[in-house]
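The values are calculated or read from the model by the stated rules, or taken from the named source; none is laboratory data. This is a predicted model, so every value here is computed, not measured. Because the Cβ atoms are built from the backbone with ideal geometry, glycine has one as well, and the counts that use them run over all protein chains shown. SASA here: full protein model, heavy atoms, side chains in, ligands and nucleic acids out. Shrake-Rupley method; radii C 1.70, N 1.55, O 1.52, S 1.80 Å.
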Amino acid sequence: MASYGTAEATGAKMALEEINAAGGVNGRKIQLVEYDTKSDPAETTTLSAKLMTQDKVVAIIGPATSGGMKAQIQLSEKNKVPIVSGSATADDLTVQAGKLNEYVFRTCFVDSYQGTVMAKYAASKLNAKSAVVLKDTSSDYAKGLADAFDKQFKAGGGTVVATEAYTAGQTDFNAVLTKLKGQKFDTMYVPGYYQELGLIIKQARDLGITVPIAGGDGYESPKLAELAGTALTDVYYTNHYATTDTDPKVTAFIDAFKKKNNATPEAFHALGYDTMKFVADSIKRAKTVTGADVKVAMTETKGFSGVTGTFDVDPATHNPIKQATIIGYKDGKIAVTEKFA
């Protein structure tokens, strides 16, 4: 998942530089301590403990995935340090078995919301009445999206004619795609991460599967187009931001990012940027610069205006209340961007 974490770190550091250049927070500069978890839960736990007990941080941004975030939940509660992710979307991250994880927050929407939104989009905009689902069964993220899509698509009157599986690291999907090709369906919902998705899309098109392919924000990476090429046609996914957005805040961010990095920012850059701004805003509003008071300020957030949207934090779930952006590809290039809820 290096593409996600690296992009979020780049965005967060850009925000940090802007904040400190403007005088910091309440007259004090923010100091950044950065570690690489290697997408390993055990490594995450070790580094999280170091950040909280040795580095004495007041908040942690990341890791990028739900599994990594879950690895530090107990530590966050024990040490009273809020942890925030811009891309960990598992529903049970902030609320588990009906209990709120008091020190866990995110600036992105959740899996169930993504899956629900795409099911509605497929039915209303792609005119889909039947679907197949191909999900990564090794990923809680993919399973969460798939379950939400299945539930909403059926609730809207659609039919899910088949559900098949693949696993992370797989490279040959011809067998399962050939099996699905024998079914009749209007769209294919494939939640997962870009490494496999690029190959799935290319192999599906090579086999003659021409229906729209849809998914979640795990599609967001330049590598998706590298892997799929021009087969990346009639492909749609839920995302947090689009480079074609004309909002002045978004265009200013894009211009500044291009000037600094000589590249166009993707969604994970924007999410990292917003997450750092959210943390700084919470520190500014906190009664004291302690994890416990920063947590209270985060919970009370109203009308936070970021590059990826304006949101309130739901105090019952610690999730942001915000819209999704739909990204659509044709011939390997973005052709559709629209807000949808």
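For Lys330, the amide hydrogen comes within under 5 Å of the amide hydrogens of Asp234, Ala335, counting only partners 5 or more places away or on other chains and with H modelled in the peptide plane.
Provide the net charge surrounding Asp234, with neighbours chosen by a C-beta distance below 14 Å and charges set as Lys +1, Arg +1, Asp -1, Glu -1. Combined, the nearby Lys, Arg, Asp and Glu give +3.
Measuring between alpha carbons in the structure, the pairs from Lys38/Lys277; Lys13/Lys260; Lys120/Lys181; Lys38/Lys202; Lys13/Lys80; Lys259/Lys284 lying more than 18 angstrom apart are Lys38/Lys277; Lys120/Lys181; Lys38/Lys202; Lys13/Lys80; Lys259/Lys284. One entry in [x] 68, 44, 39; [y] 58, 56, 43; [z] 63, 43, 33 is Cα extents along the principal axes in Å calculated from the shown coordinates; its label is [z]. Rounded to the nearest 5, the antiparallel percentage of DSSP beta bridges internal to the chain is 50%. R0 = 41 Å: FRET efficiency of Asp55 with Lys184, Cβ-based, nearest 0.05? After rounding, the FRET efficiency stands at 0.10. Note on Glu18 and Lys99: their simple-model spin labels are 3.8 nm apart, each label 7 Å out from Cα toward Cβ. Backbone phi angles across segment 125-141, fed through the Karplus curve with coefficients 6.51, -1.76 and 1.60 (θ = phi - 60°), yield HN-Hα couplings of 9, 9, 6, 8, 10, 9, 8, 10, 10, 10, 10, 7, 6, 8, 10, 4, 4 Hz in residue order; Gly and Pro are listed as x. Ordered by solvent-accessible area of protein heavy atoms (1.4 Å probe), largest first, the residues Thr290, Thr230 come out as Thr230, Thr290. Does segment 125-178 classify as rounded, prolate or oblate by the C-alpha gyration tensor (a ≥ b ≥ c root eigenvalues; a/c under 1.5 gives rounded; else a/b over b/c gives prolate, otherwise oblate)? Because a/c hits 1.5 or more and a/b fails to exceed b/c, segment 125-178 counts as oblate.
Using 0.36 nm times the number of residues separating Lys302 and Ala42, minus their current alpha carbon distance, what extension gain do you get? The partial results should precede the final answer.
Details: separation 260, 0.36 × 260 = 93.60 nm, distance 3.47 nm.
That works out to 90.1 nm of additional length.
For the pair segment 121-175 / segment 277-316, the C-alpha centres are spaced 34 Å from each other. As a fraction of the 1.4 Å probe accessible area of the chain, surface on carbon and sulfur atoms comes out at 51 percent.
Contact order normalised by length for segment 30-146, with contacts defined as Cα pairs under 8 Å and 6 or more residues apart; what percent is it? Provide the component values of the computation, followed by the final result.
Values: 150 pairs, mean separation 21.8, N = 117.
Relative contact order, segment 30-146: 19 percent.
Close amide H pairs (under 5 Å, H built 1.01 Å from N) link Ala324 with Phe340, residues at least 5 positions away or on another chain.
Suppose only helical runs count, i.e. DSSP H with n ≥ 4. What mean residue ellipticity at 222 nm does that imply for the chain under -39500 (n - 2.57) per run, divided by all residues and rounded to the nearest 500 deg cm²/dmol?
Values: 12 runs with 145 residues, N = 341.
After summing the helix terms and dividing by residue count, I get -13000 deg cm²/dmol.
With springs only between Cα atoms under 10 Å apart, run a GNM on the chain and tell me which of Pro191, Pro248, Pro212 wobbles the most. In the Gaussian network model the winner is Pro248.
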